[in-house]
Amino acid sequence: MAAISVTACEPADTNSSGKNPVATTAPARTTGSPADDPKDAGVAGVAGVVSKTVPNFVGMGLQSAQDSAQQDGFYVLKSHDALGRDRMQAFDRNWKVCSQNIAAGRTVPTDTTLDFGTVKLEETCPAKDEKPPSAEGGKLPDFKGNSVKAARAALDPSTSFSVKDASPEARWVLVESNWEVCTQSPRAGTAIDGQPVSVTAVKFGETCP
């Protein structure tokens, strides 16, 4: 009787990191003697790794940027939401590159991680990447204007977190990265002490009441 293999699919919007690593197969690496100056372009350091000049990917579609990077030998690729909304880049062709963590023209080993800041094709790139809120320092961040998903991700996973539609329509908040926080309780700056956190929100593009 033939064995059947089943692969589970993971929802696209469940990763709180907001980053989208590209699954690729890098050239096999073995330990070797580093070159005299591994920073020189095209000179091998560790076996299978050379140093090359990073191209300018800004303005390219995300899929095209990834393909181009791989053709140049850069296989460790990531991407993130440049608007700080913690959205996953589930369909790369629907996103464009706004920024890159390694400046164009720099020469780096090809096993360096390239991270692209992206927005959807119809969106405008921000002047600089917008960072999601962070609870560093033990106090509640100001969530207003951030996505519900980014607000939830800023808190410890054990935190009780609730969200309500700020409009009178009482809609379900299903895809949290598409909803913008209007109000929060407790207020920003409150010391985090395991208390529940609640927010109200509207869809991005709508006006908070």
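Miscellaneous remarks
- Those trypsin sites (Lys or Arg not before Pro) in the range 121-156 that DSSP places in a loop and that have at most 10 other beta carbons within 10 Å: LYS128
- Prolate/oblate/rounded call for the range 96-209, Cα gyration tensor, a/c under 1.5 rounded: oblate
- Taking label positions 7 Å along the Cα-Cβ direction at both ILE102 and VAL76, the computed distance is 0.9 nm, reported to one decimal.
- Annotation: per residue accessible area for the range 134-209 equals 58 Å², rounded to a whole number [probe 1.4 Å, protein chains only].
- Note on the range 57-137: percent of Cα-Cα distances in each 5 Å bin, starting at 0 and stopping at the bin with the largest distance, equals 3, 16, 27, 24, 16, 10, 3, 1, 0.
- Taking a ≥ b ≥ c as the square roots of the eigenvalues of the Cα gyration tensor, the range 62-106 is classed as oblate, since a/c reaches at least 1.5 and a/b does not exceed b/c.
- Gained length - SER134 relative to THR207, 0.36 nm times residue gap less alpha-carbon distance: 23.9 nm
The values are calculated or read from the model by the stated rules, or taken from the named source; none is laboratory data. Values in this document were obtained by computation on a predicted structure and should not be read as measured data. Positions of Cβ are backbone-derived with ideal geometry, glycine not excepted, and every protein chain shown enters the neighbour counts. Just so you know, the surface numbers come from the protein's heavy atoms only, side chains and all, with ligands and any DNA or RNA stripped out. Shrake-Rupley method; radii C 1.70, N 1.55, O 1.52, S 1.80 Å.
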